[in-house]
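Asker: Structure provided below as structure tokens; questions to follow.
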């Protein structure tokens, strides 16, 4: 990837608009994602909402030849799960919906875990820990902090709780392109790596496994699963580095208290 693209205040405003619209998609999904719904139905509802209600573009559709507007990663699927009409959510599942949205030329990227009502305590713990790891990393963000600090705090929390961190996939810069510099690894050494600067926009999106970090890609060329078939969880937001800290561009209303 090319050098990091620092966003102007006008570009940051456009990123902010895209992020706010994307947060509204998840608010809509909160009343929709329940046992008995298919992941393809969720995909179709999201496409309709983005296009018709938000007057925006689902940025994942057509990206790298992908046909759908979201990834639906259920249970031991780590990432890039393909929505399917025959994949019906059960009352014990956990599922990550990873969605991108473009408005006025700028893209936002976020994902959320949905925990079905009878999911196991172990599944709930994994999801909670993954969200905590993302938020601990987000709260470190400010000019001068290094990317190694971001990765280290995520992997430290995961390992302390007996989990593993997927190393093959990472966060990334984002703006007019889905994937810009820099890569944002979810492991690392403190005080190493690129220094953050005001105007940077990137995702933090740890994928944390219940068991081994080893993964494999299924024959469809997209779906990534844990090799040991144990659960995986992911949490993701798009972040803007400000002059003295950070702004979560894809913040959902339910999370506002986390920054109070």
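What follows is calculated from the coordinates using simple rules that are stated; it is not laboratory data. Quick caveat, the model's predicted, so the values are computed rather than measured. FYI the Cβ positions are ideal-geometry reconstructions off the backbone, even for glycines, and counts take in every protein chain you see.
Asker: Run the paramagnetic zone check for residue 44: 7 angstrom along Cα to Cβ, then residues of segment 81-95 with backbone nitrogen under 14 Å.
Answerer: Within reach of a label on residue 44: 83-88.
Asker: Please report the spacing between the Cα centers of segment 29-50 and segment 193-236 in Å, no decimals.
Answerer: The distance from the Cα centre of segment 29-50 to that of segment 193-236 comes to 23 Å.
Asker: I've got another one for you. If each of residue 120 and residue 218 carries a label point 7 Å out from its Cα toward its Cβ, how far apart are those two points in nm?
Answerer: 2.0 nm
Asker: Can I ask one more? Return 243, 93 ranked ascending by Cβ neighbour count within 10 Å, so the fewest neighbours appear first. Write out the running numbers ahead of the final one.
Answerer: Working: 243 9, 93 19.
Ranked by crowding around the Cβ, least crowded first: 243, 93.
Asker: Which of the three applies to segment 66-165, rounded, prolate or oblate, going by the alpha-carbon gyration tensor with a ≥ b ≥ c and a/c under 1.5 meaning rounded? Show your work: numbers first, answer last.
Answerer: Values: a/c = 2.56, a/b = 1.19, b/c = 2.15.
Here segment 66-165 falls in the oblate category.
Asker: Now for a different question. At residue 254 and residue 194, where each label point lies 7 Å from the Cα along Cα→Cβ, what is the point-to-point distance in nanometres?
Answerer: 3.1 nm
Asker: Given all pairs of different Cα atoms, what value in angstroms does the Kirkwood hydrodynamic radius of the chain take? Intermediate results must be reported in sequence, preceding the final value.
Answerer: Values: mean 1/r = 0.0549 Å⁻¹.
The Cα-based Kirkwood calculation yields 18.2 Å.
Asker: If I take R0 = 30 Å and measure r between the Cβ atoms of residue 92 and residue 51 in this structure, what FRET efficiency does the formula 1/(1 + (r/R0)^6) give, to the nearest 0.05? Please list the in-between numbers first.
Answerer: Values: r = 33 Å, r/R0 = 1.08.
In this case the efficiency is close to 0.40.
Asker: Which shape class, rounded, prolate or oblate, goes with segment 86-131 when its Cα gyration tensor gives a ≥ b ≥ c as root eigenvalues, a/c under 1.5 marks rounded, and past that a/b bigger than b/c marks prolate? The partial results should precede the final answer.
Answerer: Details: a/c = 5.16, a/b = 1.93, b/c = 2.67.
Verdict is oblate for segment 86-131.
Asker: What order do you get for 50, 88 when you list them from fewest to most C-beta neighbours inside 10 Å? Show your work: numbers first, answer last.
Answerer: On the way: 50 27, 88 14.
By the 10 Å Cβ count, ascending, the order reads 88, 50.
Asker: Sorted by average packing, counted as other Cβ atoms within 10 angstrom per residue and highest first, what order do 94-103, 199-208, 169-178 take? Intermediate results must be reported in sequence, preceding the final value.
Answerer: On the way: 94-103: 24.2, 199-208: 26.1, 169-178: 20.2.
Ranking, from highest mean packing down: 199-208, 94-103, 169-178.
Asker: Got a sec? How would 225, 42 order by Cβ neighbour count within 10 Å, fewest to most? It would help to have the intermediate numbers written out before the result.
Answerer: Details: 225 20, 42 23.
Fewest-to-most Cβ neighbours within 10 Å comes out as 225, 42.
Asker: Under a crude label model (7 Å from the Cα following the beta-carbon direction), how far is residue 168 from residue 84 in nanometres?
Answerer: My value for the distance between the label points is 1.8 nm.
Asker: Taking a ≥ b ≥ c as the square roots of the eigenvalues of the Cα gyration tensor of segment 25-73, is the shape rounded (a/c under 1.5), prolate (a/b larger than b/c) or oblate? Please list the in-between numbers first.
Answerer: Details: a/c = 2.44, a/b = 1.27, b/c = 1.92.
Verdict is oblate for segment 25-73.
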